[in-house]
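The values are calculated or read from the model by the stated rules, or taken from the named source; none is laboratory data. Note that the structure is predicted; figures quoted are calculated from it, not measured. Backbone-built Cβ (ideal geometry, glycine too); neighbour counts: all protein chains shown. These area figures cover heavy atoms from the full protein model, side chains too; ligands, DNA and RNA do not enter into them. Shrake-Rupley method; radii C 1.70, N 1.55, O 1.52, S 1.80 Å.
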Amino acid sequence: MSDALNPETPEELVETEEEPIKQRKNGLYPGVSDELAENMKSGWADTELRDLEPVAQAGHTAARRAALSARFPGERLVIPAGNLKTRSNDTEYAFRSSVEYAYLTGNQTEDGVLVLEPTRDGHRATIYLLPRSNRENGEFWLDGQGELWVGRRNSLTEAEQLYGIPASDVRELAGALSEATGPVRVVRGYDAGIEAALTDKVTAERDEELRVFLSEARLVKDEFEVGELQKAVDSTVRGFEDVVKVLDKAEATSERYIEGTFFLRARVEGNDIGYGSICAAGPHATTLHWVRNDGPVRSGDLLLLDAGVETHTYYTADVTRTLPINGRFSELQKKIYDAVYEAQEAGIAAVQPGAKYRDFHDAAQRVLAEKLVEWGLVEGPVERVLELGLQRRWTLHGTGHMLGMDVHDCAAARTETYVDGTLEPGMCLTVEPGLYFQADDLTVPAEYRGIGVRIEDDILVTEDGNRNLSAALPRRADEVEAWMAQLKG
Ligand SMILES: [Mn+2]
(Lines give C-alpha, C1' and ligand atoms only; values in the text may rest on other atoms or scores of the structure.)
Protein backbone atom coordinates (compact mmCIF):
# COMPACT_ATOMS: atom_id res chain seq x y z
CA MET A 1 0.00 0.00 0.00
CA SER A 2 1.11 3.55 -0.60
CA ASP A 3 2.07 6.24 1.85
CA ALA A 4 -0.21 9.20 2.61
CA LEU A 5 1.13 12.51 1.40
CA ASN A 6 0.26 14.05 4.68
CA PRO A 7 2.05 12.92 7.82
CA GLU A 8 -0.05 15.03 10.18
CA THR A 9 -2.90 13.86 12.37
CA PRO A 10 -6.39 14.34 10.90
CA GLU A 11 -7.69 16.39 13.84
CA GLU A 12 -5.17 19.15 13.23
CA LEU A 13 -6.02 19.29 9.62
CA VAL A 14 -9.75 19.48 9.70
CA GLU A 15 -10.31 21.98 12.48
CA THR A 16 -10.05 25.18 10.46
CA GLU A 17 -11.84 25.06 7.19
CA GLU A 18 -11.08 28.63 6.09
CA GLU A 19 -7.41 27.82 5.58
CA PRO A 20 -6.48 25.35 2.89
CA ILE A 21 -4.42 22.51 4.31
CA LYS A 22 -1.57 23.15 1.92
CA GLN A 23 -1.13 26.72 3.07
CA ARG A 24 -1.62 25.98 6.72
CA LYS A 25 1.11 23.34 6.68
CA ASN A 26 3.30 25.47 4.52
CA GLY A 27 6.16 23.49 3.07
CA LEU A 28 5.00 20.12 4.40
CA TYR A 29 3.66 18.91 1.08
CA PRO A 30 6.56 18.85 -1.31
CA GLY A 31 5.50 18.46 -4.86
CA VAL A 32 2.05 20.03 -4.46
CA SER A 33 2.01 23.15 -6.59
CA ASP A 34 -0.55 25.86 -6.13
CA GLU A 35 -1.93 24.91 -9.52
CA LEU A 36 -2.39 21.27 -8.50
CA ALA A 37 -3.94 22.25 -5.17
CA GLU A 38 -6.38 24.52 -7.00
CA ASN A 39 -7.04 21.88 -9.64
CA MET A 40 -7.93 19.22 -7.07
CA LYS A 41 -10.69 21.37 -5.58
CA SER A 42 -13.05 21.07 -8.47
CA GLY A 43 -14.24 18.88 -11.31
CA TRP A 44 -15.86 16.32 -9.04
CA ALA A 45 -19.39 15.09 -9.61
CA ASP A 46 -22.13 15.36 -7.00
CA THR A 47 -22.44 11.77 -5.75
CA GLU A 48 -24.97 12.37 -2.99
CA LEU A 49 -27.22 9.31 -2.73
CA ARG A 50 -30.90 10.00 -2.37
CA ASP A 51 -33.90 7.97 -1.19
CA LEU A 52 -31.77 5.34 0.54
CA GLU A 53 -33.48 2.34 2.09
CA PRO A 54 -32.84 1.97 5.83
CA VAL A 55 -30.49 -0.87 6.86
CA ALA A 56 -32.25 -4.10 7.83
CA GLN A 57 -31.85 -3.66 11.59
CA ALA A 58 -33.02 -0.04 11.62
CA GLY A 59 -36.51 -1.25 12.52
CA HIS A 60 -35.11 -2.94 15.62
CA THR A 61 -32.59 -0.45 16.94
CA ALA A 62 -35.29 2.09 17.89
CA ALA A 63 -36.81 -0.38 20.37
CA ARG A 64 -33.36 -1.07 21.82
CA ARG A 65 -32.73 2.65 22.30
CA ALA A 66 -36.18 3.04 23.86
CA ALA A 67 -35.35 0.38 26.47
CA LEU A 68 -32.07 2.16 27.24
CA SER A 69 -33.87 5.49 27.49
CA ALA A 70 -36.39 4.07 29.95
CA ARG A 71 -33.63 2.73 32.20
CA PHE A 72 -31.76 6.05 32.51
CA PRO A 73 -34.34 8.86 32.37
CA GLY A 74 -33.02 12.42 32.49
CA GLU A 75 -29.41 11.41 31.81
CA ARG A 76 -27.19 12.03 28.83
CA LEU A 77 -25.88 8.69 27.50
CA VAL A 78 -22.78 8.46 25.34
CA ILE A 79 -22.01 5.27 23.41
CA PRO A 80 -18.86 5.45 21.23
CA ALA A 81 -18.04 3.13 18.34
CA GLY A 82 -14.31 3.35 19.07
CA ASN A 83 -11.31 4.42 17.02
CA LEU A 84 -8.88 2.75 14.68
CA LYS A 85 -5.99 0.99 16.43
CA THR A 86 -2.47 1.18 15.11
CA ARG A 87 -1.01 -2.13 14.01
CA SER A 88 2.39 -0.72 13.18
CA ASN A 89 3.65 2.64 11.96
CA ASP A 90 0.85 3.97 9.73
CA THR A 91 -1.16 0.76 9.30
CA GLU A 92 -4.21 -0.06 11.37
CA TYR A 93 -6.06 -3.17 12.43
CA ALA A 94 -9.31 -3.84 10.64
CA PHE A 95 -11.95 -1.83 12.48
CA ARG A 96 -14.76 -3.43 14.41
CA SER A 97 -17.02 -1.03 16.24
CA SER A 98 -18.10 -1.55 19.83
CA VAL A 99 -21.01 -3.96 20.02
CA GLU A 100 -22.90 -1.48 22.19
CA TYR A 101 -22.79 1.13 19.41
CA ALA A 102 -23.60 -1.33 16.61
CA TYR A 103 -26.45 -2.83 18.64
CA LEU A 104 -28.08 0.55 19.23
CA THR A 105 -27.51 2.14 15.81
CA GLY A 106 -26.90 -0.54 13.16
CA ASN A 107 -23.89 1.58 12.15
CA GLN A 108 -20.28 0.37 12.44
CA THR A 109 -18.18 3.40 11.51
CA GLU A 110 -14.96 4.26 13.33
CA ASP A 111 -15.09 7.40 15.48
CA GLY A 112 -18.91 7.30 15.48
CA VAL A 113 -20.69 8.16 18.72
CA LEU A 114 -24.34 7.71 19.67
CA VAL A 115 -25.63 10.28 22.14
CA LEU A 116 -29.00 10.10 23.82
CA GLU A 117 -29.93 13.58 25.04
CA PRO A 118 -32.56 13.66 27.80
CA THR A 119 -35.81 15.37 26.84
CA ARG A 120 -39.03 15.97 28.73
CA ASP A 121 -40.48 12.61 27.69
CA GLY A 122 -37.44 10.43 27.07
CA HIS A 123 -34.34 10.95 24.97
CA ARG A 124 -33.41 12.33 21.58
CA ALA A 125 -30.84 10.19 19.74
CA THR A 126 -28.10 11.58 17.50
CA ILE A 127 -25.29 9.72 15.78
CA TYR A 128 -22.10 11.72 15.46
CA LEU A 129 -20.05 10.79 12.42
CA LEU A 130 -17.30 12.15 10.24
CA PRO A 131 -18.98 13.87 7.26
CA ARG A 132 -17.82 13.68 3.65
CA SER A 133 -14.29 14.96 3.07
CA ASN A 134 -13.84 18.64 2.37
CA ARG A 135 -12.51 19.19 -1.14
CA GLU A 136 -12.00 22.93 -0.77
CA ASN A 137 -9.27 22.72 1.86
CA GLY A 138 -7.54 19.61 0.49
CA GLU A 139 -8.62 17.28 3.31
CA PHE A 140 -10.11 15.00 0.65
CA TRP A 141 -6.75 14.04 -0.78
CA LEU A 142 -4.03 15.39 1.54
CA ASP A 143 -5.32 13.93 4.80
CA GLY A 144 -4.61 10.26 5.60
CA GLN A 145 -8.29 9.92 6.61
CA GLY A 146 -9.43 11.71 3.47
CA GLU A 147 -11.89 9.85 1.29
CA LEU A 148 -9.42 9.58 -1.55
CA TRP A 149 -7.31 7.33 0.68
CA VAL A 150 -9.86 5.41 2.72
CA GLY A 151 -12.92 5.43 0.48
CA ARG A 152 -16.16 7.32 0.26
CA ARG A 153 -18.08 7.86 3.47
CA ASN A 154 -21.80 8.39 3.76
CA SER A 155 -22.84 11.98 4.04
CA LEU A 156 -24.65 12.86 7.24
CA THR A 157 -27.91 13.08 5.28
CA GLU A 158 -27.32 9.61 3.83
CA ALA A 159 -26.53 8.27 7.32
CA GLU A 160 -29.82 9.63 8.63
CA GLN A 161 -31.71 7.71 5.96
CA LEU A 162 -29.74 4.49 6.49
CA TYR A 163 -29.97 4.36 10.28
CA GLY A 164 -33.11 6.34 10.96
CA ILE A 165 -31.27 8.58 13.42
CA PRO A 166 -30.39 12.29 13.02
CA ALA A 167 -26.67 12.65 12.27
CA SER A 168 -24.19 15.39 13.19
CA ASP A 169 -20.51 16.15 12.70
CA VAL A 170 -18.48 14.19 15.26
CA ARG A 171 -15.69 16.77 15.23
CA GLU A 172 -17.91 19.08 17.23
CA LEU A 173 -18.93 16.50 19.80
CA ALA A 174 -16.03 16.48 22.28
CA GLY A 175 -16.23 20.26 22.68
CA ALA A 176 -20.00 20.14 23.16
CA LEU A 177 -19.74 17.34 25.72
CA SER A 178 -17.11 19.10 27.78
CA GLU A 179 -19.39 22.14 28.03
CA ALA A 180 -22.58 20.18 28.69
CA THR A 181 -24.19 20.10 32.12
CA GLY A 182 -26.36 17.49 33.85
CA PRO A 183 -25.87 13.80 34.60
CA VAL A 184 -24.01 11.81 31.96
CA ARG A 185 -22.77 8.27 31.47
CA VAL A 186 -20.38 6.90 28.88
CA VAL A 187 -19.51 3.38 27.75
CA ARG A 188 -15.81 3.24 28.55
CA GLY A 189 -12.91 1.63 26.81
CA TYR A 190 -13.54 2.60 23.19
CA ASP A 191 -12.87 6.29 22.62
CA ALA A 192 -10.22 8.03 24.74
CA GLY A 193 -11.00 11.45 23.24
CA ILE A 194 -14.66 11.30 24.19
CA GLU A 195 -13.82 10.00 27.65
CA ALA A 196 -11.33 12.82 28.15
CA ALA A 197 -14.06 15.35 27.34
CA LEU A 198 -16.24 13.81 30.06
CA THR A 199 -13.59 13.07 32.63
CA ASP A 200 -14.88 15.42 35.35
CA LYS A 201 -18.53 14.52 34.76
CA VAL A 202 -18.65 10.72 35.01
CA THR A 203 -17.88 8.06 37.60
CA ALA A 204 -16.64 4.52 37.03
CA GLU A 205 -19.52 3.09 39.04
CA ARG A 206 -22.26 4.85 37.08
CA ASP A 207 -20.62 4.07 33.75
CA GLU A 208 -20.42 0.41 34.75
CA GLU A 209 -24.20 0.40 35.29
CA LEU A 210 -24.65 1.53 31.70
CA ARG A 211 -22.31 -1.18 30.42
CA VAL A 212 -24.09 -3.85 32.49
CA PHE A 213 -27.48 -2.74 31.21
CA LEU A 214 -26.35 -2.94 27.59
CA SER A 215 -24.91 -6.41 28.17
CA GLU A 216 -28.08 -7.68 29.83
CA ALA A 217 -30.26 -6.09 27.16
CA ARG A 218 -28.65 -8.45 24.68
CA LEU A 219 -29.41 -11.65 26.64
CA VAL A 220 -32.69 -12.15 24.79
CA LYS A 221 -32.36 -11.85 21.03
CA ASP A 222 -35.03 -10.26 18.86
CA GLU A 223 -36.27 -11.79 15.63
CA PHE A 224 -33.68 -9.98 13.52
CA GLU A 225 -30.84 -11.20 15.72
CA VAL A 226 -32.02 -14.81 15.59
CA GLY A 227 -32.10 -14.58 11.81
CA GLU A 228 -28.55 -13.22 11.75
CA LEU A 229 -27.32 -15.96 14.10
CA GLN A 230 -28.84 -18.57 11.78
CA LYS A 231 -27.11 -16.91 8.83
CA ALA A 232 -23.80 -17.03 10.68
CA VAL A 233 -24.29 -20.70 11.46
CA ASP A 234 -25.27 -21.57 7.89
CA SER A 235 -22.08 -19.96 6.56
CA THR A 236 -20.11 -21.75 9.24
CA VAL A 237 -21.56 -25.09 8.15
CA ARG A 238 -20.33 -24.38 4.62
CA GLY A 239 -16.93 -23.42 6.05
CA PHE A 240 -16.66 -26.78 7.81
CA GLU A 241 -17.55 -28.54 4.57
CA ASP A 242 -14.82 -26.53 2.81
CA VAL A 243 -12.30 -27.76 5.37
CA VAL A 244 -13.23 -31.41 5.03
CA LYS A 245 -12.79 -31.15 1.27
CA VAL A 246 -9.19 -29.93 1.61
CA LEU A 247 -7.94 -32.13 4.43
CA ASP A 248 -5.46 -33.77 2.06
CA LYS A 249 -3.97 -30.36 1.30
CA ALA A 250 -3.78 -29.62 5.02
CA GLU A 251 -1.94 -32.92 5.52
CA ALA A 252 0.55 -31.80 2.91
CA THR A 253 1.05 -28.42 4.62
CA SER A 254 -0.21 -27.58 8.10
CA GLU A 255 -3.13 -26.50 10.24
CA ARG A 256 -2.77 -23.12 8.53
CA TYR A 257 -4.43 -24.57 5.42
CA ILE A 258 -7.52 -25.24 7.52
CA GLU A 259 -7.45 -21.78 9.07
CA GLY A 260 -7.11 -20.15 5.65
CA THR A 261 -9.84 -22.26 4.10
CA PHE A 262 -12.35 -21.37 6.79
CA PHE A 263 -11.32 -17.71 6.69
CA LEU A 264 -12.03 -17.56 2.97
CA ARG A 265 -15.63 -18.61 3.59
CA ALA A 266 -15.95 -16.11 6.45
CA ARG A 267 -14.69 -13.20 4.38
CA VAL A 268 -16.68 -14.04 1.27
CA GLU A 269 -20.03 -14.65 2.98
CA GLY A 270 -19.67 -12.61 6.15
CA ASN A 271 -17.74 -9.79 7.74
CA ASP A 272 -14.98 -11.89 9.28
CA ILE A 273 -14.42 -14.82 11.60
CA GLY A 274 -16.08 -14.18 14.95
CA TYR A 275 -12.94 -15.20 16.85
CA GLY A 276 -9.58 -16.75 16.10
CA SER A 277 -10.24 -20.15 14.50
CA ILE A 278 -8.98 -23.07 16.56
CA CYS A 279 -7.58 -25.55 14.03
CA ALA A 280 -6.11 -28.10 16.37
CA ALA A 281 -4.80 -31.36 14.97
CA GLY A 282 -3.55 -34.25 17.08
CA PRO A 283 -2.42 -33.25 20.60
CA HIS A 284 -3.07 -29.57 19.90
CA ALA A 285 -6.75 -30.41 20.46
CA THR A 286 -6.01 -30.53 24.19
CA THR A 287 -4.99 -26.85 24.17
CA LEU A 288 -8.31 -25.06 24.60
CA HIS A 289 -7.44 -21.93 22.65
CA TRP A 290 -4.99 -23.29 20.12
CA VAL A 291 -4.88 -20.47 17.55
CA ARG A 292 -1.25 -20.66 16.44
CA ASN A 293 -2.41 -23.28 13.95
CA ASP A 294 1.09 -24.02 12.77
CA GLY A 295 1.24 -27.73 13.45
CA PRO A 296 1.13 -30.80 11.23
CA VAL A 297 -2.11 -32.50 10.19
CA ARG A 298 -1.68 -36.26 10.32
CA SER A 299 -3.81 -39.14 9.15
CA GLY A 300 -4.93 -41.19 12.15
CA ASP A 301 -5.21 -38.13 14.41
CA LEU A 302 -8.27 -36.08 15.23
CA LEU A 303 -8.84 -32.51 14.10
CA LEU A 304 -10.65 -30.27 16.57
CA LEU A 305 -12.04 -27.38 14.56
CA ASP A 306 -13.68 -24.59 16.56
CA ALA A 307 -14.65 -21.75 14.24
CA GLY A 308 -17.45 -19.34 13.45
CA VAL A 309 -18.39 -16.97 10.65
CA GLU A 310 -19.45 -13.49 11.73
CA THR A 311 -22.17 -11.83 9.65
CA HIS A 312 -21.95 -8.28 8.30
CA THR A 313 -24.07 -7.23 11.28
CA TYR A 314 -21.55 -8.79 13.74
CA TYR A 315 -23.47 -11.88 14.82
CA THR A 316 -21.19 -14.89 15.09
CA ALA A 317 -21.58 -18.62 15.14
CA ASP A 318 -19.42 -20.72 17.48
CA VAL A 319 -19.26 -24.32 16.37
CA THR A 320 -16.86 -27.15 17.11
CA ARG A 321 -16.51 -30.51 15.44
CA THR A 322 -13.85 -33.08 16.20
CA LEU A 323 -13.12 -35.00 13.02
CA PRO A 324 -11.01 -38.05 12.24
CA ILE A 325 -8.53 -36.70 9.70
CA ASN A 326 -8.57 -39.92 7.68
CA GLY A 327 -12.36 -40.10 7.84
CA ARG A 328 -12.68 -42.95 10.39
CA PHE A 329 -12.52 -42.83 14.18
CA SER A 330 -10.26 -45.37 15.87
CA GLU A 331 -11.88 -47.46 18.57
CA LEU A 332 -10.50 -45.35 21.43
CA GLN A 333 -11.17 -42.08 19.62
CA LYS A 334 -14.77 -43.19 19.13
CA LYS A 335 -15.16 -44.22 22.77
CA ILE A 336 -14.10 -40.76 23.92
CA TYR A 337 -16.10 -39.04 21.16
CA ASP A 338 -19.25 -40.97 22.06
CA ALA A 339 -18.89 -39.95 25.70
CA VAL A 340 -18.68 -36.28 24.75
CA TYR A 341 -21.61 -36.73 22.36
CA GLU A 342 -23.70 -38.27 25.12
CA ALA A 343 -22.77 -35.41 27.46
CA GLN A 344 -23.73 -32.88 24.80
CA GLU A 345 -27.08 -34.60 24.23
CA ALA A 346 -27.78 -34.36 27.97
CA GLY A 347 -26.69 -30.72 27.94
CA ILE A 348 -28.86 -29.77 24.97
CA ALA A 349 -31.89 -31.52 26.51
CA ALA A 350 -31.46 -29.32 29.60
CA VAL A 351 -31.75 -26.11 27.56
CA GLN A 352 -35.39 -25.25 28.21
CA PRO A 353 -37.30 -22.07 28.97
CA GLY A 354 -37.57 -21.77 32.74
CA ALA A 355 -34.57 -24.02 33.40
CA LYS A 356 -31.67 -22.63 35.38
CA TYR A 357 -28.73 -21.53 33.25
CA ARG A 358 -26.49 -23.90 35.19
CA ASP A 359 -28.62 -26.96 34.41
CA PHE A 360 -27.10 -27.77 31.02
CA HIS A 361 -23.60 -27.55 32.41
CA ASP A 362 -24.46 -29.83 35.33
CA ALA A 363 -26.16 -32.34 33.03
CA ALA A 364 -23.16 -32.57 30.71
CA GLN A 365 -20.62 -32.72 33.53
CA ARG A 366 -22.48 -35.59 35.16
CA VAL A 367 -22.28 -37.71 32.02
CA LEU A 368 -18.57 -37.00 31.63
CA ALA A 369 -17.88 -37.82 35.29
CA GLU A 370 -19.76 -41.11 34.89
CA LYS A 371 -17.60 -42.04 31.90
CA LEU A 372 -14.36 -41.14 33.64
CA VAL A 373 -15.33 -43.31 36.61
CA GLU A 374 -16.45 -46.14 34.30
CA TRP A 375 -13.10 -46.04 32.48
CA GLY A 376 -11.23 -46.22 35.79
CA LEU A 377 -9.53 -42.84 35.34
CA VAL A 378 -10.92 -41.44 38.57
CA GLU A 379 -12.22 -43.22 41.62
CA GLY A 380 -15.99 -43.09 42.18
CA PRO A 381 -18.61 -42.77 43.26
CA VAL A 382 -19.73 -40.20 40.70
CA GLU A 383 -21.33 -38.00 43.41
CA ARG A 384 -17.97 -37.66 45.11
CA VAL A 385 -16.24 -36.84 41.82
CA LEU A 386 -18.78 -34.12 41.01
CA GLU A 387 -18.73 -32.72 44.53
CA LEU A 388 -14.95 -32.35 44.48
CA GLY A 389 -14.88 -31.39 40.80
CA LEU A 390 -12.31 -34.09 40.07
CA GLN A 391 -13.57 -34.58 36.51
CA ARG A 392 -12.35 -31.10 35.70
CA ARG A 393 -8.78 -32.32 35.17
CA TRP A 394 -10.15 -33.53 31.82
CA THR A 395 -13.30 -31.45 31.21
CA LEU A 396 -11.44 -28.18 31.83
CA HIS A 397 -14.06 -25.55 30.95
CA GLY A 398 -17.66 -24.51 31.40
CA THR A 399 -20.12 -26.24 29.08
CA GLY A 400 -21.22 -23.12 27.23
CA HIS A 401 -21.91 -19.42 27.11
CA MET A 402 -24.25 -16.87 25.61
CA LEU A 403 -23.72 -16.18 21.92
CA GLY A 404 -24.44 -13.08 19.86
CA MET A 405 -22.44 -10.09 18.67
CA ASP A 406 -19.66 -11.28 20.93
CA VAL A 407 -18.73 -14.92 20.85
CA HIS A 408 -18.81 -14.82 24.65
CA ASP A 409 -21.82 -12.55 24.61
CA CYS A 410 -23.31 -10.48 27.41
CA ALA A 411 -20.09 -10.80 29.40
CA ALA A 412 -20.87 -7.78 31.60
CA ALA A 413 -24.24 -9.18 32.71
CA ARG A 414 -24.58 -9.67 36.44
CA THR A 415 -24.23 -13.16 37.91
CA GLU A 416 -27.88 -13.16 38.98
CA THR A 417 -29.12 -12.52 35.43
CA TYR A 418 -26.68 -14.80 33.62
CA VAL A 419 -24.84 -17.64 35.41
CA ASP A 420 -27.37 -17.80 38.26
CA GLY A 421 -30.24 -16.81 35.99
CA THR A 422 -33.07 -18.59 34.23
CA LEU A 423 -33.27 -19.43 30.54
CA GLU A 424 -35.83 -17.51 28.51
CA PRO A 425 -37.08 -17.87 24.94
CA GLY A 426 -34.80 -15.88 22.63
CA MET A 427 -31.59 -16.63 24.51
CA CYS A 428 -28.93 -18.28 22.40
CA LEU A 429 -26.10 -20.26 23.91
CA THR A 430 -23.48 -22.81 23.05
CA VAL A 431 -23.44 -26.32 24.46
CA GLU A 432 -19.88 -27.57 24.17
CA PRO A 433 -18.66 -30.29 26.51
CA GLY A 434 -15.24 -31.75 25.93
CA LEU A 435 -12.69 -34.25 27.21
CA TYR A 436 -9.00 -33.46 26.98
CA PHE A 437 -6.15 -35.79 27.79
CA GLN A 438 -2.93 -33.80 27.76
CA ALA A 439 0.05 -35.38 26.04
CA ASP A 440 1.98 -35.31 29.33
CA ASP A 441 -0.81 -36.53 31.61
CA LEU A 442 0.72 -39.48 33.45
CA THR A 443 -2.53 -40.25 35.29
CA VAL A 444 -4.19 -41.73 32.18
CA PRO A 445 -3.14 -44.73 30.07
CA ALA A 446 -0.63 -43.80 27.38
CA GLU A 447 -3.10 -44.38 24.53
CA TYR A 448 -5.41 -41.62 25.85
CA ARG A 449 -2.66 -39.00 25.87
CA GLY A 450 -2.91 -36.31 23.21
CA ILE A 451 -6.59 -36.92 22.47
CA GLY A 452 -8.94 -33.96 22.77
CA VAL A 453 -12.61 -33.96 21.80
CA ARG A 454 -15.13 -31.13 21.91
CA ILE A 455 -18.52 -30.92 20.22
CA GLU A 456 -20.19 -27.54 20.18
CA ASP A 457 -23.55 -26.40 18.87
CA ASP A 458 -25.50 -23.15 18.98
CA ILE A 459 -28.81 -23.60 20.75
CA LEU A 460 -31.72 -21.15 20.74
CA VAL A 461 -34.15 -21.30 23.65
CA THR A 462 -37.68 -21.42 22.22
CA GLU A 463 -41.15 -21.16 23.79
CA ASP A 464 -41.43 -24.92 24.11
CA GLY A 465 -37.84 -26.16 24.27
CA ASN A 466 -34.91 -25.38 22.07
CA ARG A 467 -33.72 -25.31 18.49
CA ASN A 468 -30.24 -26.39 17.44
CA LEU A 469 -29.21 -23.72 14.93
CA SER A 470 -26.21 -25.84 13.86
CA ALA A 471 -28.12 -29.10 13.43
CA ALA A 472 -27.18 -29.19 9.74
CA LEU A 473 -23.67 -30.23 10.74
CA PRO A 474 -23.57 -33.95 11.68
CA ARG A 475 -22.61 -34.73 15.27
CA ARG A 476 -23.02 -38.48 15.89
CA ALA A 477 -19.83 -40.41 15.12
CA ASP A 478 -21.28 -42.54 12.31
CA GLU A 479 -22.98 -39.52 10.75
CA VAL A 480 -19.74 -37.56 10.87
CA GLU A 481 -17.94 -40.40 9.07
CA ALA A 482 -20.64 -40.66 6.41
CA TRP A 483 -20.63 -36.88 5.89
CA MET A 484 -16.86 -36.80 5.54
CA ALA A 485 -16.86 -39.73 3.11
CA GLN A 486 -19.40 -37.95 0.94
CA LEU A 487 -17.47 -34.66 0.92
CA LYS A 488 -14.10 -36.26 0.31
CA GLY A 489 -15.70 -38.09 -2.63
MN1 LIG B 1 -17.76 -21.58 22.47
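Quick check: at a probe of 1.4 Å, how many percent of the accessible area of the chain sits on carbon and sulfur atoms? Don't jump to the answer; show the numbers that get you there.
Values: 10830 of 22170 Å².
On the chain, the fraction of accessible area on carbon and sulfur atoms equals 49 percent.
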**Complete:** For the chain, the Cα gyration tensor yields equivalent-ellipsoid semi-axes (√(5λ), largest first, whole Å) of 48, 28, 19
**Prompt:** Along the Cα-to-Cβ line of Thr47, 7 Å from the Cα, sits a label point; which residues in the stretch 120-151 have backbone N less than 14 Å from it?
**Reply:** 132-135, 140-141, 146-151
**Prompt:** Arg132 accessible area, nearest 10 Å², 1.4 Å probe?
**Reply:** 60 Å²
**Complete:** Arg414 and Arg71 label points (each 7 Å along its Cα→Cβ direction) are spaced in nm at 1.1 nm
**Size of charge dipole - the stretch 310-362 - debye, nearest 20, with Cβ of Lys, Arg +1 and Asp, Glu -1, no other charges** = 120 debye
**Request:** Only helices at least 30 Å long along their axis, Cα-based, and averaging -0.5 or more on Kyte-Doolittle count here, so list those DSSP H runs from the chain.
**Result:** 223-245
**Asked** How far apart, in nm, are two points set 7 Å out from the Cα along the Cα-to-Cβ line at Ser88 and at Glu172?
**Response** 4.1 nm
**Item:** Contour minus Cα-Cα distance for Lys335 and Glu463 (0.36 nm per residue)
**Value:** 42.6 nm
**Request:** Please work out, to two decimal places, the log10 of the ratio I(q)/I(0) at q = 0.16, 0.22, 0.23 Å⁻¹ from a Debye calculation in which every Cα of the stretch 362-471 carries one identical scatterer.
**Result:** -0.84, -1.17, -1.22
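Counting only heavy atoms of protein chains, what accessible area per residue, in Å², does the chain have with a probe of 1.4 Å?
45 Å²
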**Asked** When the Cα centres of the stretch 297-312 and the stretch 433-450 are compared, how far apart do they sit, in Å?
**Response** 20 Å
**Request:** Enumerate the lysines that Lys371 could reach by cross-link, defined here as Cα to Cα under 16 Å, with residues fewer than 8 away along the same chain left out.
**Result:** Lys334, Lys335
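Based on the alpha-carbon gyration tensor of the stretch 132-247, what equivalent-ellipsoid semi-axes (square roots of 5 times the eigenvalues) come out, in whole Å, largest first? Walk me through the numbers before you get to the answer.
Numbers: eigenvalues 236, 148, 46 Å².
Square roots of five times the eigenvalues give 34, 27, 15 Å.
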**Request:** Would you mind working out the magnitude of the charge dipole of the stretch 109-187 relative to its Cα centre, with +1 at each Lys and Arg C-beta and -1 at each Asp and Glu C-beta, to the nearest 20 Debye?
**Result:** 180 debye
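Mind giving me the FRET efficiency for Ala62 and Asp440? R0 is 41 Å, r the Cβ-Cβ distance, nearest 0.05 is fine.
Working: r = 55 Å, r/R0 = 1.35.
So, using R0 = 41 Å, E works out to roughly 0.15.
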**Asked** Using r as the Cβ-Cβ distance of Glu424 and Thr253, and R0 as 35 Å, what FRET efficiency do you calculate, to the nearest 0.05?
**Response** 0.15
**Item:** Within-10-Å neighbourhood charge of Pro353 [Cβ basis; K, R +1; D, E -1]
**Value:** -3
**Nearest-0.05 FRET efficiency for Val291 and Trp375, computed from C-beta distance (R0 25 Å)** = 0.25
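If you restrict to DSSP beta bridges whose two residues both lie in the chain, what percentage is antiparallel, to the nearest 5? Before the final figure, lay out each step's value.
Working: 41 of 47 bridges.
Close to 85 percent.
Summing Lys, Arg as +1 and Asp, Glu as -1, what charge do residues with Cβ under 11 Å from the Cβ of Asp191 carry, Asp191 excluded?
-2
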**Asked** Taking Lys221 as the anchor, which lysines have their alpha carbon closer than 28 Å to its alpha carbon, excluding any fewer than eight residues away along the same chain?
**Response** Lys231, Lys356
**Prompt:** Looking only at the stretch 46-81, which residues have a backbone nitrogen under 17 Å from a spot 7 Å from the Cα of Arg120 in the C-beta direction?
**Reply:** 74-75
**Message:** What does the charge count around Glu48 come to, taking other residues whose C-beta lies under 14 Å from its C-beta (Lys +1, Arg +1, Asp -1, Glu -1)?
**Reply:** 0
**Item:** Per-selection Kirkwood Rh - the stretch 76-129 (Cα, Å, 1 d.p.)
**Value:** 12.0 Å
